[in-house]
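One structure below.
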Amino acid sequence: EQAKKVVIVEDVSKPRAVAIKLRDTVKHRGARVVVRGWVHRLRVQKNLVFITLRDGTGYLQCLLSGDLTKTYDALTLTVETTIAIYGVISPVPDENHAPDGHELHADYFQVIGKAPGGDDTISNIVAPNADPQTKYDNRHLVIRGDVVSSVLKVRASVLRAFRKSYEDLGLLEVTPPCMVQTQVEGGSTLFEFNYYGEKAYLTQSSQLYLETCLPSLGDVFCVQESFRAERSLTRRHLSEYTHIEAELAFITFDDLLNHLEEVICRTIDYTLADPLIKGKIAELNPKFNAPERPFIRMTYADAINWLVENNIPNEEGEPHKFGDDIAEAAERKMTDIVARPIFLTKFPVKLKAFYMKKDPADLRVTESVDCLMPGVGEIVGGSMRMENLEELMGAYARVGISPNPYYWFTDQRKYGTSPHGGYGIGLERLLAWICDRYTVKECSLYPRWTGRCAP
Ligand code: 4AD
């Protein structure tokens with residue numbers, strides 16, 4: 001009753017408060033500011049309320065004292081309530097250990113929107129030990145947490161770094177369509193939909209479109225969602241993922257590998273050059289270091305021998321033999337033992353997509369590459385492309401797809417062909433490696449997989 005009667009008003013004789021984002025607190029030390037955000041953490045003591053405020057750009061410890069702690073709003077304050085706090089950002093004596101060595105001493109505050117306490121309090125819904133389905137049902141709340149928001153910030157930084165790297169290397173960004181009428185990586189994972197009465201698909205890869213850009217724009221890249229109706233439930237398969245793809249003209253297979261190594265290393269270097277992001281990666285994955293160059297280059301045939309020598313069996317539990325698919329478990333074991341990035345090259349023709357160029361020195365295999373990273377396995381798939389028209393026509397026939405809808409892709413071989421190649425990087429897999437996440441789902445804003453298309 002007593003508390004309800006304590007009402008606070010802003011003291012207008014104080015200097016006008018400047019509205020700031022929490023990323024800018026250091027610059028405004030000593031000044032009177034107003035910060036607005038969500039109550040991330042809350043600790044109430046007698047006559048003192050400690051609030052860790054969050055606005056997405058950073059965190060700030062704020063201190064309410066005196067009459068401010070006695071108002072109804074202060075006494076009923078809950079986490080996730082939105083609030084505007086006015087006051088001066090002041091250095092803290094060492095023993096208090098506030099982040100950045102300062103905290104806001106509030107002289108006034110206003111609640112903007114309350115959040116429920118009790119059973120509905122956010123930490124009950126998204127407790128760290130909540131079952132995964134509950135967490136993914138409440139992904140919109142889970143992303144407010146420290147870990148997930150850190151991963152999402154690293155994700156943004158990695159995307160920015162890719163764009164910088166591609167700019168350095170002279171590749172132009174394009175935005176191919178998501179709605180298509182051709183497959184790239186096999187019919188079994190196509191999402192089909194009705195496009196004004198015609199059969200259409202969600203794109204599996206923008207590769208074929210990138211190839212058409214070479215004569216027009218030179219080397220190109222895109223950052224585009226790809227869709228796969230994967231039936232397998234694994235730690236590294238999503239139904240929708242962010243695909244970073246590039247295509248380069250007049251290159252050799254070796255050029256392709258060198259370029260890929262350069263893009264990955266440059267992107268990691270740019271990412272780590274931001275101290276804030278470097279700090280977040282260090283918290284998520286204390287053992288992470290930029291990869292050593294050159295990456296190990298191993299042919300598929302050598303990998304098969306390596307798996308036999310190291311007693312890692314194939315999916316039937318037998319020793320691997322030439323022609324076997326290297327399944328996820330075996331691949332993971334190999335990358336964990338080698339513990340360095342590996343370019344696995346020259347896969348057999350029958351294991352790979354129809355468009356891949358054969359190795360002129362051994363026609364059983366393709367000029368293809370998978371890049372494998374410790375802890376995750378394959379994060380990149382790429383190859384040189386068939387450049388000969390007749391050979392491509394033969395490849396359509398070999399896999400049983402009609403060349404008709406591919407006329408525009410085929411035309412690249414008709415109107416001035418070129419040796420060319422490219423690759424696709426799975427952003428969530430790259431992030432699972434950098435941030436040491438158990439599954440790629442943790443690296444997507446709103447992950448989709450078998451049985452989940454919400455929220
Ligand atoms: O190896 P993939 O299927 O290759 C292609 O799509 C080529 N057309 C790319 C190109 O050459 N332009 O896929 C490339 C990468 C994989 O290495 C993996 O990182 C990721 O895409 N990827 C997936 N990530 C999450 N969930 C899935 N279901 C994925 N399928 C592939």
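Quick one: of K321/K352; K153/K441; K321/K346; K114/K441, which pairs are farther than 19 Å apart, Cα to Cα?
Details: K321/K352 17 Å; K153/K441 15 Å; K321/K346 15 Å; K114/K441 31 Å.
Too far apart for the 19 Å limit: K114/K441.
Residue separation times 0.36 nm, minus the C-alpha to C-alpha distance between H97 and F322: what's the value? Don't skip to the end; give the middle numbers.
On the way: separation 225, 0.36 × 225 = 81.00 nm, distance 5.96 nm.
Contour length minus Cα-Cα distance gives 75.0 nm.
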Quiz item: How many nm separate the modelled label positions at L217 and N289, each set 7 Å beyond the Cα in the direction of the Cβ?
Solution: 3.8 nm
Quiz item: Between segment 265-289 and segment 408-455, what is the C-alpha centre distance in whole Å?
Solution: 22 Å
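For segment 314-394, which chymotrypsin sites (Phe, Trp or Tyr not before Pro) are both in a DSSP coil and crowded by at most 13 other Cβ atoms within 10 Å?
Those satisfying the criteria are F322.
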Exercise. Rounded to whole Å and sorted largest first, list the principal axis extents of the Cα atoms in the chain.
Key: 87, 52, 41
Quiz item: Where Lys and Arg each count +1 and Asp and Glu each count -1, what net charge lies around V180 among other residues with Cβ under 13 Å from its Cβ?
Solution: -3
Practice problem: May I ask you to evaluate 6.51 cos²θ - 1.76 cosθ + 1.60, the Karplus curve with θ = phi - 60°, for each residue of segment 203-216 and list the ³J(HN,Hα) values in order in whole Hz, giving x for glycine and proline? | Solution: 5, 8, 5, 8, 3, 4, 5, 4, 4, 6, 7, 4, x, 9
Exercise. Could you pull out every residue, at least 5 positions away or on a different chain, whose amide H is within less than 5 Å of the one on R41? Hs are placed 1.01 Å off N in the peptide plane, and Pro or chain starts have none.
Key: T52
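If you place +1 on the Cβ of every Lys and Arg, -1 on the Cβ of every Asp and Glu, and leave all else neutral, what size is the dipole of segment 256-415 about its Cα centre, to the nearest 20 Debye? Please list the in-between numbers first.
Working: 20 positive and 25 negative charges, 69 e Å.
Value, rounded to 20: 320 debye.
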Practice problem: Show the residues, 5+ positions off or on another chain, whose built amide H is closer than 5 Å to the amide H of V365. | Solution: V349, D359
Practice problem: Would you please give the FRET efficiency between L445 and N388, computed as 1/(1 + (r/R0)^6) with r the Cβ-Cβ distance and R0 = 30 Å, to the nearest 0.05? | Solution: 0.10
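Place a +1 charge on the Cβ of each Lys and Arg in the chain and a -1 charge on the Cβ of each Asp and Glu, then give the dipole magnitude about the Cα centre in debye, rounded to the nearest 20. Walk me through the numbers before you get to the answer.
On the way: 54 positive and 61 negative charges, 282 e Å.
Dipole magnitude for the chain comes out near 1360 debye.
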Quiz item: What chymotrypsin sites (Phe, Trp or Tyr not before Pro) in segment 164-252 are in a loop by DSSP, with at most 12 other Cβ atoms within 10 Å of the Cβ?
Solution: Y196, F250
Quiz item: Which cross-chain or sequence-distant (5 or more) residues have an amide H under 5 Å from the amide H of Q204, H modelled 1.01 Å from N in plane?
Solution: V184, F227
Exercise. Could you go through segment 16-32 in sequence order and give the Karplus-derived ³J(HN,Hα) for each residue, using 6.51 cos²θ - 1.76 cosθ + 1.60 with θ = phi - 60°, rounded to whole Hz, and x for Gly and Pro?
Key: 4, 7, 8, 6, 10, 8, 5, 5, 9, 5, 4, 5, 10, 4, x, 9, 7
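How much FRET efficiency would the formula 1/(1 + (r/R0)^6) give for A229 and V12, where r is the Cβ-Cβ distance and R0 is 60 Å, rounded to 0.05? Write down the numbers at each step before the final one.
Values: r = 62 Å, r/R0 = 1.03.
About 0.45, to the nearest 0.05.
GluC sites (Glu not before Pro), restricted to segment 382-455: which are DSSP loop and have at most 11 other Cβ atoms within 10 Å? Each step should come with its number before you reach the end.
Numbers: sites: E387, E390, E391, E428, E442; in loops: E387.
Loop-located and lightly packed - none at all.
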Quiz item: What are the ³J(HN,Hα) values, in whole Hz, obtained from phi via the Karplus relation 6.51 cos²θ - 1.76 cosθ + 1.60 with θ = phi - 60°, for each residue of segment 135-141 in sequence order, with x given for Gly and Pro?
Solution: 5, 6, 4, 10, 3, 4, 8
Quiz item: Using alpha-carbon pairs under 8 Å, 6+ residues apart, how would you state the relative contact order of the chain in percent?
Solution: 12 percent
Quiz item: For D119 and R43 in the same chain, what is the full-extension length gain: residue separation times 0.36 nm, less their Cα-Cα distance, in nm?
Solution: 25.5 nm
Quiz item: What is the extension gain from K27 to A156, computed as 0.36 nm multiplied by their sequence separation minus the C-alpha to C-alpha distance, in nm to one decimal?
Solution: 44.1 nm
Quiz item: Each label point is 7 Å from the Cα along the Cα-to-Cβ direction; what then is the distance between the points at N258 and L363, in nm?
Solution: 3.0 nm
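Between Q110 and A301, what FRET efficiency follows from the Cβ-Cβ distance if R0 is 56 Å, with the result rounded to 0.05? Walk me through the intermediate numbers first.
Values: r = 69 Å, r/R0 = 1.23.
So the FRET efficiency works out to roughly 0.20.
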Practice problem: Answer with one residue from L307, I277, P294: the one whose Cα lies farthest towards the positive end of the charge dipole of segment 272-312, charges on Cβ with Lys, Arg +1 and Asp, Glu -1. | Solution: I277
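Averaging sequence separations of C-alpha pairs under 8 Å and six or more residues apart, then dividing by the length of segment 258-376, give the relative contact order as a whole percent.
Details: 142 pairs, mean separation 26.0, N = 119.
It rounds to 22 percent for segment 258-376.
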Practice problem: Starting with the fewest neighbours, write out M334, M298 ranked by other beta-carbon atoms found within 10 Å of each beta-carbon. | Solution: M298, M334
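Here, each number is a calculation from the coordinates, and none is a lab measurement. None of the values given here were measured: they were computed from a predicted structure. Note that each Cβ is placed from the backbone with ideal geometry, even for glycine, and that neighbours are counted across all protein chains shown.
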